[in-house]
Structure formats: C-alpha cells, structure tokens
Amino acid sequence: MSVTGSAIVAGVCGQPIRHSMSPVIHNAWIAAAGLNAAYVPFGPGEDNFETFAEGLRGGAIRGLNVTIPFKEQALACADRCSDLAKLAGAANLLIFEADGTITADNTDGPGLIGAIAVQAPGFDIAVSPVVILGAGGAARGAAAALALAGAPRVSIVNRTFARAEAIATSIGGVVEAASETELDALLAQAGLVINATSLGLGGGAGPAADLALTPKNAVVVDMVYKPLRTEFLRRAEAAGRRTVDGLEMLLRQAVPSFEAFFGVAPPAQVDVRALALAHLGDAAK
Ligand code: ATR
C-alpha cells in the first residue's frame, strides 16, 4: 500500500542513525501487512533530543524507538513509564499520546528474553543464576529484565567495579555487584552468562571469562552482533554450550515496538533474520 496523508508514522531516533537496522525491519513488516504506514530514521544533534521529542507531543508521529545515546533522556521526557523502563533507567520506546503526554517503555529486556526463548528453548530463567559481564546501559537493561523475570541471582562483573555497584544499588533485590576475582566461582554456578561489554565488536577478542567452567546446560549470550558469531560465542560453542546471538535480541525487541505503533503483530511470513543478515552483509561475518 502506498503512504497517504492518513498514514501512521513511527521512527527510530539515535546519533549516529545511518546504520540502524530498525527501518529495514519495520518497513518490511509494514509492506507485508499492507499497512498505510511508514517508519523513518531521525538523527537529531547530540544536544537536541529533548527539543526534538517535546516537539512531537500530541501525536505529530505515533511513536519512536530510541537508541544510543538517547535512551536515558527518552525516559526522562516521558510522563509515564513501564516498571521495566523505570528499573532499567532507560527507554527505547516512546508513544506520543493524542492527549499530549508521552508514554515510555523498554523492549530491550523482552528482546533478550525472547531471543533466549527462540535460540535456547526450554531455558528456565527462574532457576538460573545470571552473570552479566559489563556495566553500561546494555547491562543495566538486561539486569532489570532478568530480575523482573524472576532470576534467582544476577551478578554484575565489570572492569570498573563502581559502575557494577551503581547498577546493583539502583535495581536492588537479586542484582549484586561482584569483583573480577569472584568470576570463576560465579561461572561455575551460572545458568546464563551474558556479554554486555563492547568487547568483541568488530571482530576482536571478547571478555576473558572461562566459559568451560560453566555447568554443561548453561546458556551464553552475546549482545554484540557485528560479527554475528563473536569470538565469545565461538568459545562457548567450543565448550559445548548453547548460544544466543545479539541479532536475535535486536529482532525480538522490534516486535513489541511494532505492535505498539501499528496495533497489529508483525506478519510471521517475513524472514526478518535473513533480511537483517543480508543488510549486515560483510559486517555479520
Ligand atoms: P553500553 O551503554 O552499550 O552498555 P558503555 O556504557 O560504553 O556501553 O559500556 C561498555 C561496557 O564495556 C562497560 O562495562 C565497559 O567497562 P568499564 O565500565 O570498565 O568502562 C566495558 N568495556 C569496554 N572496553 C573494555 C575493556 N577493554 N575491558 C573490559 N571492559 C571493557
């Protein structure tokens, strides 16, 4: 269907934005569903997010996905938010309500849990201690989602201990900061190990954790998806562990966003993973 004056418009906002895969994914779903809709990229200047988002109040567009570096500011500009967005301290989804208010949510956490369900079926979060490597925004979102999903313990290990401590303090409950000297002992008990550092991006070595120490049924996740099979995931596979890749997380976080924008589920017949892999090209290798 062509885009007319009554089209529903949504988009993704980040800086830089030109490499975002979200327009590719959402527009493929829009076309397959035959919607009168469009999903477009926005790249406001680093200091301009607030002005940009405020200007959309009242429904100039239906909604926005928000990515680096604006996720914290997105939460701050909202009038209401989900428990998960609050706990994560960040939002990747804004809906501009007709009454002028802004609703914020975070679908990165459901993306992580959805990706585990697809690539490690049968995995039970409620009985699996989690080790998260890294303490940036990605780690915080994962810790919040896993704590809300009922993980018995979420241990955050980071080069800069104070950042891990800050996350544990703000989320509380089962989330704890652990030192690098405790890592081996934590790995020996882990059901889920997640790389939330930027190590491995672009093909370098991943975090130094010895994944062979984990129980045989442990699942290893890498949030990095360029390359798709990171050095960290290759090590997990070599140790015989099940793995979950960052691309599946990216695809799963898009599903609830699409539903929030357009009011329908993404058409199942679109192979978005193949589409995303083709779009990534050599970067996926
Ligand atoms: P994001 O918001 O995407 O999570 P970030 O806030 O820049 O990104 O966090 C990157 C993470 O990778 C941090 O945990 C960082 O560790 P520090 O908090 O100590 O900086 C981690 N990281 C990056 N380079 C690293 C390296 N060479 N060794 C260990 N950890 C590293």
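Since every read-out is calculated from the coordinates, none of them should be taken as a lab result. Because the structure is a prediction, the values reported are computed rather than measured. Every residue, glycine as well, gets a Cβ built from its backbone with ideal geometry; the counts of neighbours run over all protein chains shown.
Assorted remarks:
- Shape summary of the stretch 3-122, radius of gyration then Dmax from alpha carbon positions: 14.7, 46 Å.
- Antiparallel content of DSSP bridges confined to the chain, in %, to 5: 20
- Hull-based mean projected area of the stretch 109-247, where the convex hull spans the alpha carbons, in square nanometres: 6.9
- Spread of Cα-to-Cα distances over 10 Å intervals beginning at zero, given as percent, for the chain: 7, 29, 35, 22, 7, 1
- Think of the chain as having a plus end and a minus end, set by charges on the Cβ of Lys, Arg, Asp and Glu; of 66, 1, 268, 268 sits farthest toward the positive end of this dipole.
- Taking 223, 21, 249 in turn, the Gaussian network model of the chain (Cα-Cα springs below 10 Å) assigns the largest fluctuation to 21.
- For the pair residue 188 and residue 229 in one chain, pulling the backbone fully straight at 0.36 nm per residue adds 12.4 nm over the alpha carbon distance.
- Cross-link partners of residue 285 among lysines (Cα-Cα below 24 Å; sequence separation of 8 or more within a chain): 226
- Spin-label model, residue 161/residue 1: points 7 Å from Cα along the beta carbon direction are separated by 5.8 nm.
- Normalised by the number of residues in the chain, the mean separation of alpha-carbon contacts (under 8 Å, six or more apart) gives a relative contact order of 16 percent.
- Backbone N under 20 Å from the residue 201 label point (7 Å along Cα→Cβ), restricted to the stretch 87-102: 89-93
- For the stretch 71-113, the alpha carbon positions stretch 32, 16, 15 Å along the principal axes, listed from largest to smallest.
- Within the same chain, lysines fewer than 8 places from residue 86 are excluded, and of the rest, those with a Cα less than 21 Å from its Cα are 71.
- Residue 149-residue 57 pseudo-label distance in nm [points 7 Å out on the Cα-to-Cβ vector]: 3.5
- Relative packing of 170-183, 138-151, 42-55, which averages over residues the other C-beta atoms within 10 Å, highest first: 138-151, 170-183, 42-55
- Cα lying deepest toward the dipole's positive end in the stretch 1-136, options 22, 85, 127, charges on Cβ: 22
- Computed magnitude of the charge dipole of the stretch 109-247 (debye, nearest 20; Cβ of K, R +1, Cβ of D, E -1): 280
- Estimated [θ] at 222 nm from DSSP helical runs (n ≥ 4, -39500 (n - 2.57)) normalised by residues in the chain, nearest 500: -11000 deg cm²/dmol
- Charging the Cβ of each Asp and Glu at -1 and of each Lys and Arg at +1, and nothing else, the dipole of the chain about its Cα centre rounds to 560 debye.
- Membrane-span-like helices in the chain, defined here as complete DSSP H runs extending at least 15 Å along the helix axis by their C-alpha atoms with mean Kyte-Doolittle hydropathy no lower than -0.5, are 22-33, 108-119, 137-148, 161-171, 246-262; this is a sequence and geometry rule, not a statement about a membrane.
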